[in-house]
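Trainee: Here it is, the structure in full.
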Amino acid sequence: MISRREILLSGGAGMALMLAGWPAMAAKGAYPVTHSEAEWRSLLEPAQFAVLREAATERPFTSPLLHEKRTGTFDCAGCGQAVFSSKTKFESGTGWPSFWEPLADDVVATGTDRSYGMVRTEALCSRCGGHLGHVFKDGPKPTGLRYCINGLALAFTPAVG
């Protein structure tokens with residue numbers, strides 16, 4: 001991994017390498033739900049657009065969904081696909097809603113995020129390609145995974161009954 005010092009010392013070449021992956025953009029590809037950039041901008045709030053379509057990260061500890069305790073599902077705010085169950089949500093202490101498993105095997109796609117001089121596993125909505133957050137291998141049992149998800153990328157749907 002390249003250090004910040006090496007980037008600064010190498011001048012333009014180092015900066016070009018760093019910018020090549022900065023920021024990660026919402027996945028391009030064939031998804032069941034697609035819109036033009038203008039359509040996404042009209043469908044989403046500006047902060048949601050930044051997270052879902054430009055892979056921005058909301059500030060930690062700012063999402064109301066961080067403290068959501070009701071039973072229900074957490075859906076992609078871009079297309080409405082249910083992606084996580086409240087049953088797999090846990091308090092990670094990171095400042096973002098965290099889950100140890102998606103609702104189903106096919107609802108969260110992953111990709112490699114090389115932004116900001118590091119390599120991480122990006123979590124994407126499999127229906128619209130929206131950036132949800134990242135997956136880390138430091139979560140609780142039974143999966144050992146932590147899906148660290150931007151609250152702005154989610155909408156909560158309470159269980160009925």
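The values are calculated or read from the model by the stated rules, or taken from the named source; none is laboratory data. This is a predicted model, so every value here is computed, not measured. Every residue, glycine as well, gets a Cβ built from its backbone with ideal geometry; the counts of neighbours run over all protein chains shown.
Trainee: Where the second residue is surrounded by 15 or more Cβ atoms within 10 Å (Cβ to Cβ) and among the basic types (Lys, Arg) and the first is on the phi < 0 side of the Ramachandran plot and in contact (Cβ under 8 Å) with a residue 12 or more places away in the chain and lies in the range 136-156, which pairs have Cβ atoms under 9 Å and are six or more apart or on separate chains?
Mentor: Matching pairs, first to second residue: PHE136/ARG120; PHE136/ARG146; GLY139/ARG146; PRO140/ARG146.
Trainee: Here's something else I'd like to know. Here are some conditions: (1) over 19 Å from ARG127 (Cβ atoms); (2) at pLDDT 95 or above. GLN48 meets all but one. Which one does it not meet?
Mentor: Among (1) over 19 Å from ARG127 (Cβ atoms); (2) at pLDDT 95 or above, GLN48 violates only (1).
Trainee: Going through the range 113-161 one residue at a time, which ones are out of contact with any Phe, Trp or Tyr (no Cβ under 6 Å at 6 or more places or on another chain), among the basic types (Lys, Arg) and closer than 20 Å to SER63 by Cβ?
Mentor: Of everything in the range 113-161, just one residue is out of contact with any Phe, Trp or Tyr (no Cβ under 6 Å at 6 or more places or on another chain), among the basic types (Lys, Arg) and closer than 20 Å to SER63 by Cβ, namely ARG120.
Trainee: In the range 83-101, which residue that is farther than 20 Å from ARG59 by Cβ and touching a helix residue (DSSP H, G or I) at 6+ places or on another chain (Cβ under 8 Å) is surrounded by the most Cβ atoms within 10 Å (Cβ to Cβ)?
Mentor: That would be TRP100.
Trainee: Give the residue, chosen from LEU52, LEU66, that is in contact (Cβ under 8 Å) with a residue 24 or more places away in the chain, within 21 Å of THR143 (Cα to Cα) and aliphatic (A, V, I, L, M). Break it down stepwise before answering.
Mentor: On the way: LEU52 fails: within 21 Å of THR143 (Cα to Cα).
Result of the check over LEU52, LEU66: LEU66.
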